[in-house]
Amino acid sequence: MTYPLSRPERRPPRIDAWVLSILFLGFTLRVPGLSAQGLYAEEGYSTVLAQDSIGRILAQTASLDSNTPLHYLLLSGWIRAAGSSEFSVRALSVFAGVVTIALAYQLMKACGLPAGARRCAAALVAAWPVCISFSQEARMYALLMCLTTLSTWLLIRGLHNGGRGTWLLWSAAHIATFATHVFGALIFGAQLCVVVAWWATQRENGRWRHAAIALALTALVLGVWMAIILSVSVPASTTYAGGLDLLQLMTQGLAANVMPRLASGEEILAVAILALMAMLFILLSRRLRLLSLLALIGIVAICAFSAWTGKFSWRYPTLVAPLVAAGLGAAVWQSIRSAAHTPAGRLVAGVVVFIACILGSVAFLAWRNDPANANEDYRGVAAYLRQHARSDEPIVMIPNLSHIFGYYYGAGDWHWLPPAEMINLQDTLDFESVVPWLNQWLSGRQGAWLLLYDETLLDPSHIAQTLLRRQSVALTHDADVQQFHNLRLLHYTFFQPYQPLPEQLPAMESTIEPTDRQRGLTGLGCHQFQAARAGDAWMEIFCFWQTKPYVQLPYDTKVSFRLTDSAGKQVLQSDQMIALEGMPYLPFEKPITGVYVIPLPGDLPAGEYVLHAIPYTPDEEISPRVSTEVKLLTP
């Protein structure tokens, strides 16, 4: 009598207690302080958009946002289940960060490293400052790092012994990465180089076919999706640091993979050198060589794209931060263990990584507790306005802070400039773009509030503040200013109900010298809107300039105002900054409205004068010189 052979008993996979401990460590490092700071502007945008309909989310991200919709859709479901408090909306990123730790362990396993190296890699990802920081933001970057780590793990599995399923999962991971942020396409490009190089060596055994199918599928989906985005998108936010060259961006990109949001150039350079040394150290390990190359290629690709387009944020290159952290942890363990083939060597490796984890955690806590690194305090602004603003005083914001302000303040009489759904940094506020909206919002009001955040690119000449000051008490009385972290709240009390201003500029009769096209400035004329009187302490002059794309004017460019009488004799000189917030460096032309208060000598008689506006840098005068007639009326 025969009996069928029984199947071998399958044992459940063994749970590594060390890995569970490391995951718990990562969780406990990410949860404390989730609501210690208020949301910053982009977190507010994510939170408010995620509470909209799915159709609205898809339409908004397709036309007005550089980020694709996956994170917003996941956050939408999360908010419906867990609420929209500061803690809740950031908790989704916490779980993405913890999953990244687990993926780092699996990534090292796919590289063929022993358990000790895998644990060290996961531990360093758990304590890596950038990974913790993004896991405490209600933005897509924690999810983006998670998906980048996932695609890298699947790539290495596929290269070693991957079948059709592994390569299709790799394709799906890349599509999900792109669905989270468009820079996922650059990560796909970096891995594509590796696949093509491997492909050339595998044609004989047929394994390359699965990779080719996955590659073609991914390229097709990403290409069609990108074409759709380009066809329906509206130009919106286009630059953060467009004036930097590739070397500067690479320095920032390397540093950003270690510490978040470094400020001084010395800090950035020092940390960038450490990051580069870490990558070279990882490169020395044969099994980790591919990982180091993928991370470095990813950083170079993102920084090169940023240098080409003029759009850069320190957050972009951090897509590969978990790869750097995991590779460094594993490389340290491997190198110490290789030097000492004893249990003592393994112990030393573990101690070194443990110390690195402690240092990483301490560095992050020190960075987060530094007041200079706090988020903008919109929470404090909203609380102050609820307590002090009268119901008949509108609130105007520059730039468009509607999402974050609405999150904290709720409904109310508040507006934003420029009056667009998304910030378009190609705009600069000038007289004709500001006056119609101020007339509409403020006519007949007794006062107004102005909330300002980094108006350098949108209102460098403070045109909005100038127009409000013209109607405030006694004209020379500036606003009452309340300072919040990185925010200014100005309160204007008008000396009479707000009187609408003329919405069209009168013709300017100015003489303008030819412009040197090699310099970054064009003169459009100057105008004296309101004649001063003899004996006045000052007169106000509006001058209009145009910047040239990609030409950097020094930040401290000034204008020398020289007043001459009918005989050509100079009677006064006043030198002032061309724009109070400096001249922005941008890849497109921008109008700059300069509003200048020029002191007048007390004995200057009434009459007609010529005012010369001469721009200059610290090194030389530059064209164009603008001359315009001005009047001093009799008292």
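Quick look at the numbers
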read-out: Qualifying helices (runs of 4 or more DSSP H) (wholly inside segment 113-168; at least 3 residues being farther than 17 Å from VAL31 by Cα); value: 115-127, 141-161
read-out: Filtered residues of segment 42-58 (kept if under 14 Å from SER402 (Cβ atoms) and small (Gly, Ala, Ser)); value: GLY44, SER46
read-out: Test: residue in segment 590-603 that is charged (D, E, K, R), outside the structural domain of PHE312 (by TED's automatic domain parsing) and free of Cβ contacts under 8 Å to residues at least 24 places away in the same chain; value: yes
read-out: Residue check for ALA340: surrounded by 16 or more Cβ atoms within 10 Å (Cβ to Cβ) and either modelled with pLDDT under 90 or in the same structural domain as LEU154 (by TED's automatic domain parsing) (or both); value: no
read-out: MET277, sole failed condition from (1) in the same structural domain as THR149 (by TED's automatic domain parsing); (2) at pLDDT 90 or above; (3) in contact with a helix residue (DSSP H, G or I) (Cβ under 9 Å, 6 or more places away or on another chain); value: (3)
read-out: Residues within segment 256-287 that are buried (at least 17 other Cβ atoms within 10 Å of the Cβ), touching a residue at least 40 places away in the same chain (Cβ under 8 Å) and under 15 Å from PHE364 (Cα atoms), tallied; value: 6
read-out: Tally, over segment 538-567, of residues that are in contact with a Gly (Cβ under 8 Å, 6 or more places away or on another chain) and closer than 19 Å to ASP603 by Cβ; value: 2
read-out: Qualifying residue in segment 62-74 (condition: at pLDDT 95 or above, over 30 Å from VAL224 (Cα atoms) and either surrounded by 17 or more Cβ atoms within 10 Å (Cβ to Cβ) or β-branched (Val, Ile, Thr) (or both)); value: no
read-out: Of all residues making up segment 446-459, the number that are on the phi < 0 side of the Ramachandran plot and surrounded by fewer than 18 Cβ atoms within 10 Å (Cβ to Cβ); value: 2
read-out: Unique match (being part of a loop (DSSP other than H, G, I, E, B) and polar (S, T, N, Q)) among GLN106, GLN60, GLN37; value: GLN37
read-out: Of all residues making up segment 360-376, the number that are assigned to a helix (DSSP H, G or I) and either in contact (Cβ under 8 Å) with a residue 24 or more places away in the chain or farther than 17 Å from PRO129 by Cα (or both); value: 9
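Quick grid of which residues meet (1) hydrophobic (A, V, I, L, M, F, W, C); (2) out of contact with any Cys (no Cβ under 6 Å at 6 or more places or on another chain); (3) surrounded by 15 or more Cβ atoms within 10 Å (Cβ to Cβ):
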residue	(1), (2), (3)
SER560	no, yes, yes
THR564	no, yes, yes
GLN576	no, yes, yes
PRO591	no, yes, yes
GLY594	no, no, yes
GLY607	no, yes, no
SER623	no, yes, yes
SER627	no, yes, yes
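Let's see how each residue does on (1) modelled with pLDDT of 95 or more; (2) within 24 Å of the chain's Cα centre (by Cα):
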{"residue": "GLU376", "(1), (2)": "no, yes"}
{"residue": "VAL381", "(1), (2)": "yes, yes"}
{"residue": "TRP416", "(1), (2)": "no, yes"}
{"residue": "ASN424", "(1), (2)": "no, yes"}
{"residue": "THR428", "(1), (2)": "no, yes"}
{"residue": "VAL434", "(1), (2)": "no, no"}
{"residue": "GLY447", "(1), (2)": "no, no"}
{"residue": "LEU452", "(1), (2)": "no, yes"}
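The values are calculated or read from the model by the stated rules, or taken from the named source; none is laboratory data. What you see is a predicted model; the values in this text were computed from it and never measured. For neighbour counting, all protein chains shown are included, and Cβ atoms are generated from backbone atoms with ideal geometry for every residue, glycine included.
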